[in-house]
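The values are calculated or read from the model by the stated rules, or taken from the named source; none is laboratory data. Just so it is clear, the model here is predicted, and its values are computed rather than measured. Cβ placement follows ideal geometry from the backbone for every residue including glycine, while neighbour counts extend to all protein chains displayed. Accessible surface is based on the protein model in full, side chains and every heavy atom, while ligands, DNA and RNA are left aside. Shrake-Rupley method; radii C 1.70, N 1.55, O 1.52, S 1.80 Å.
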Amino acid sequence: KVTIKGIERELICPACKELFTHPLILPCQHNVCHKCVKEILFAFEDSFADGGSESSNPSSPRIKISSSSMDRIDRISRSGTKRNSLTPRSSLFPCPGCQRDIDLGERGINGLFRNFTLETIVERYRQAARAAIAIMCDFCKPPPQESTKSCMDCSASYCNECFKIHHPWGTVKAQHEYVGPTTNFRPKILMCPEHEMERVNMYCEICRRPVCHLCKLGGCHANHRVTTMSTAYKTLKEKLSKDIEYLISKESQVKAHITQLDLLLKETECNSERAKEEASHSFEKLYHVLEEKKSAALRAIEASKNLRLEKLQMQAEEYQGLLENNGLVGYAQEVLKETDPSCFVQTAKQLHVRIQKATESLKSFRPAAETTFEDFVVDIAKQEEILGDLSFHSNGLEIPEINEEQSRMYNKALISWECPGKTDSADTYVLEYHKLNRGEESATWQEIEVCSKNKVISDLDDDSSYAFRVRGYKGSICSPWSREVILRTPPAPVFSFLFDDKCGYNSEHLLLNPRRTSVESRAGFPLLLGSERMQVGCYTTLDYIIGDTGIAKGKHFWAFQVEAYSYLVKVGVVSSNKIQKLFHNTHDVTSPRYEQDSGHDSGSEDAFFDSSQPFTLVTLGMKKFFIPTTPAAPKDPASRILPLPSCLGICLDCDKGKVGFYDAGRMKCLYECEVDCSGIMYPAFALMGGAAVHLEEAVTAKYGEYHDDI
């Protein structure tokens, strides 16, 4: 028999930290209250409407959205992006259980199942917790009577008299199902959220959720592996029962482990106290050394002070004697009263020398001692730095090394590191970073504790360089710092989009992956058929594809990779008012320069072809980056050809009307030109022959995979 109070931690919503109320099952298999899901989504919408100025929904004080999710909202809301109406927009939801952005699909919250099993368990817990509180009848006149049963079909509670009145014998209501008093009314049949009139009768093994027959026939589960609901019920129940039986059979082993853990807890307490005493003893030694140094420094300052005061006091007394009727002057005045010449001369000679020295000192006054103690300032900069790094060092703990190939900067910074050896690996790591500013000698390091060997960092400034370093900890022992690695952030906020599979997309020549993040141009049989009537000197067609999201204002950056085998790829931007010309360009089939009836043979059409293009693109291919021919470009053709970077980036500044092409690995600008941003600007790509382009994924995308629990 399960003790209800023992499973309370499993019944708490990760968002509101209270018992679940109408829990919904997210695609990541975590449960969240229906109200919490709506409030989090409303907070997102409010942030979009307010331009990202608010970080939470004021009407929902119990829901707190993570700072990383709010940063993403702020960037999107300030970017001025507009999504192509032809492309459905999926809604992202920050799961409070796993801290990942979960795609809820086109239906959003309406596509989520309600976890009736969990809801029933929560209701049993509530009843056990409020055993003394009765459930009252919903139909009694005041004062209401205590209910004796609840109707699952009417979703209401009744006392005996009211139940007889509302469920008379011989009527349809008399056949209703009733149970003991409860507030948890669940439907008898679980309906499909995609097709509200259909009941679920199958289980999708890929998505791990119940589906109806329409979902399998023509819905999003058409190509998925499904099984009957009875088979899934039997299989999952057998697996769960076996796992529970196994755990119950190991009860003695679990108790032994608990006993061992209790001993380890006590041993940890004793060892920690011993470690505290040793650490206190070490610091007491440092205190003793510092006290000795402090006493010596204070004694030296005191001795210097006394010597200086003595000199200044003597000088003050000498000057005091220069006053009338005082000291030297008074003595000289008395000597002048001597009338005997021989006695006067005998005394006045020495007195005159003293008077002359006093006169000279008046002309060039100089204190007998300095009042400042600049020579006694203690320089503790190096010692302070050493004390800042004071920790439990171990020579056996490996120094981690930051892997620059796996680390990258995009929408966020992904820092990865590894240890050279496999022995004595660290349990935890401390990652520090700071922004490199010109003119600043010292910078404040920001510290993050990490349990894995990588960390995603947000809140970094655009177009800035950052230094990173890491050290490992094993218990209370730490390794020295790793070598510092400097990475640069993109020149503008990262712009997210997918390839548009509707607007002008040529499915015969181009192949999109299901996620619409990669496009491939195949130089196969369709291209040969299109080239059947081509003559010598003709150029073949370019297959264009654009992004599904446009840019109306602001400065944005996006990155992508071009496969090394690509023959010809053009990348850049296109305006919304010129997209029609892009996909219906009359120069796409053959060049009039070589038509027999054109009458042209001068080659001027090439210049016309370049100037008439309704877009701004640069050419890539054969592992090369070609700088376009412009008045400002180098005249030597060889100097306009650069090696193709492993990752390219485009920075569009709509406010200044400029577009730049970057080496995204080093964030270095390769080429920049002006562009007309009068309309909504879309990322544009053109491929010919065998070529492929892959959009750069967000830093956190690879960590959003769900683990298969079944």
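Listing for the model above:
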| quantity | calculated |
| --- | --- |
| Complete set of residues in the range 643-673 that are outside any loop (DSSP other than H, G, I, E, B) and basic (Lys, Arg) | 658, 668 |
| Residue within the range 387-401 that is open to solvent by 100 Å² or more (accessible area, probe 1.4 Å), closer than 30 Å to residue 648 by Cβ and modelled with pLDDT of 85 or more present | yes |
| Candidate set from the range 539-561 (those that are open to solvent by 10 Å² or more (accessible area, probe 1.4 Å) and out of contact with any Lys or Arg (no Cβ under 9 Å at 6 or more places or on another chain)); member that is modelled with the highest pLDDT | 561 |
| Some residue of the range 254-272 being without any contact (Cβ under 8 Å) to a residue 12 or more places away in the chain, in a loop (DSSP other than H, G, I, E, B) and more than 30 Å from residue 477 (Cα to Cα) | no |
| Residues that are surrounded by 10 or more Cβ atoms within 10 Å (Cβ to Cβ) and among the aromatic types (Phe, Trp, Tyr), drawn from the range 231-278 | 233 |
| Flag for residue 189 being in contact with a His (Cβ under 6 Å, 6 or more places away or on another chain) and of a type outside the set (Ser, Thr, Tyr) | no |
| Residue match in the range 68-84 (condition: in a helix (DSSP H, G or I), open to solvent by less than 50 Å² (accessible area, probe 1.4 Å), among the β-branched types (Val, Ile, Thr) and modelled with pLDDT under 50) | yes |
| Residue ID - farthest from residue 307 (Cα to Cα), chosen from residues in the range 332-374 that are in contact (Cβ under 8 Å) with a residue 40 or more places away in the chain, over 60 Å from the mean Cα position of the chain (by Cα) and assigned to a loop (DSSP other than H, G, I, E, B) | 367 |
| Only one of 689, 679, 649 that is open to solvent by less than 20 Å² (accessible area, probe 1.4 Å), under 22 Å from residue 512 (Cβ atoms) and modelled with pLDDT under 90 | 689 |
| Residue in the range 466-479 that is at pLDDT 85 or above, open to solvent by 50 Å² or more (accessible area, probe 1.4 Å) and closer than 21 Å to residue 409 by Cβ present | no |
| Members of the range 136-173 that are in a loop (DSSP other than H, G, I, E, B), surrounded by 17 or more Cβ atoms within 10 Å (Cβ to Cβ) and either touching a residue at least 40 places away in the same chain (Cβ under 8 Å) or among the small types (Gly, Ala, Ser) (or both) | 147 |
| Residue match in the range 185-197 (condition: basic (Lys, Arg), loosely packed, with under 14 Cβ neighbours inside 10 Å and part of a loop (DSSP other than H, G, I, E, B)) | yes |
